[in-house]
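The values are calculated or read from the model by the stated rules, or taken from the named source; none is laboratory data. Keep in mind that this is a model prediction, so the values were computed, not measured. Don't worry about glycine lacking a Cβ; one is built from the backbone with ideal geometry, like all the others, and counts go over all protein chains shown. These accessible areas exclude ligands, DNA and RNA; they are computed on the full protein's heavy atoms, side chains included. Shrake-Rupley method; radii C 1.70, N 1.55, O 1.52, S 1.80 Å.
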Amino acid sequence: MFFSKWTLFQVVILFCMAIMVFIAEFFSAEISTAFSSGTFASLSLVISFIFFGSSLISLFLIFHSKKSDRFLSHPLWNKMPILIIFLFTLSFIIFMVAFFVFSIEDFVLANRWFVYLLAYYFLFLLNIFVLSIIHKVKKELTKEKKVELSFVFTVLGLILLIFFIPSI
């Protein structure tokens, strides 16, 4: 069935993601100084965005797993970690080339929503990457448990990355 209650829940999740962008834009001055100051109070806004963004993406995937019996059952999921690394690398290269060739600074200043869209995109890729590794390693788990584990490992990995990269 194309439209089910799970589809409606997914639409609500996308609406919540848009609302979260407006909230993040409201706190944009604090978020922009988070990495420069390095204090936990300023980093807590970034961690909150990562936590809530990843949780909304995971909820979206859980609702999709309830809606579709074929979710995580395609043979392509066995090759997904390599495909996601390739897609992530390609996306990063395209982003860097666009940054150096075009005036992205002017575009971002005029369209701040683009930064949040990129953040959601890379959070989604990271979440799918972790989900594909969990799917490959833990085949006996249910689809919902795999998505829940991918959420936990994605958030923990990003929080550790935020805390340890500035100190390197």
Per the charge dipole of the chain (beta-carbon charges, Lys/Arg positive, Asp/Glu negative, Cα centre), the residue among 3, 102, 127 reaching farthest to the positive end is 3
FRET efficiency for residue 68 and residue 100, Cβ-Cβ distance as r, R0 = 41 Å, nearest 0.05?
0.55
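Could you order 64, 135 by accessible surface area, starting with the largest, using a probe radius of 1.4 Å? Spell out each step's value before the answer.
Values: 64 60, 135 20 Å².
Largest to smallest exposure gives the sequence 64, 135.
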Accessible surface, per residue, of the stretch 84-168 when the full set of protein chains is kept, probe 1.4 Å, Å²
66
Per DSSP, loop GluC sites (Glu not before Pro) in the stretch 60-168 with at most 13 further Cβ within 10 Å:
140
For semi-axes √(5λ) of the Cα gyration tensor in Å the list reads (i) 22, 19, 15; (ii) 34, 20, 15; (iii) 28, 19, 18; the calculated value is entry (iii)
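What percentage of the solvent-accessible surface of the stretch 94-138, computed with a 1.4 Å probe over protein heavy atoms, is contributed by carbon and sulfur atoms? All intermediate terms of the calculation are to be shown ahead of the outcome.
On the way: 2210 of 2830 Å².
So the carbon and sulfur contribution to the accessible surface is 78 percent.
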Rounded to the nearest 20 debye, dipole of the stretch 104-168 from Cβ charges on Lys, Arg, Asp, Glu
400
Eight or more residues apart or on different chains, and alpha-carbon atoms under 13 Å: count the Lys pairs in the chain matching that.
9
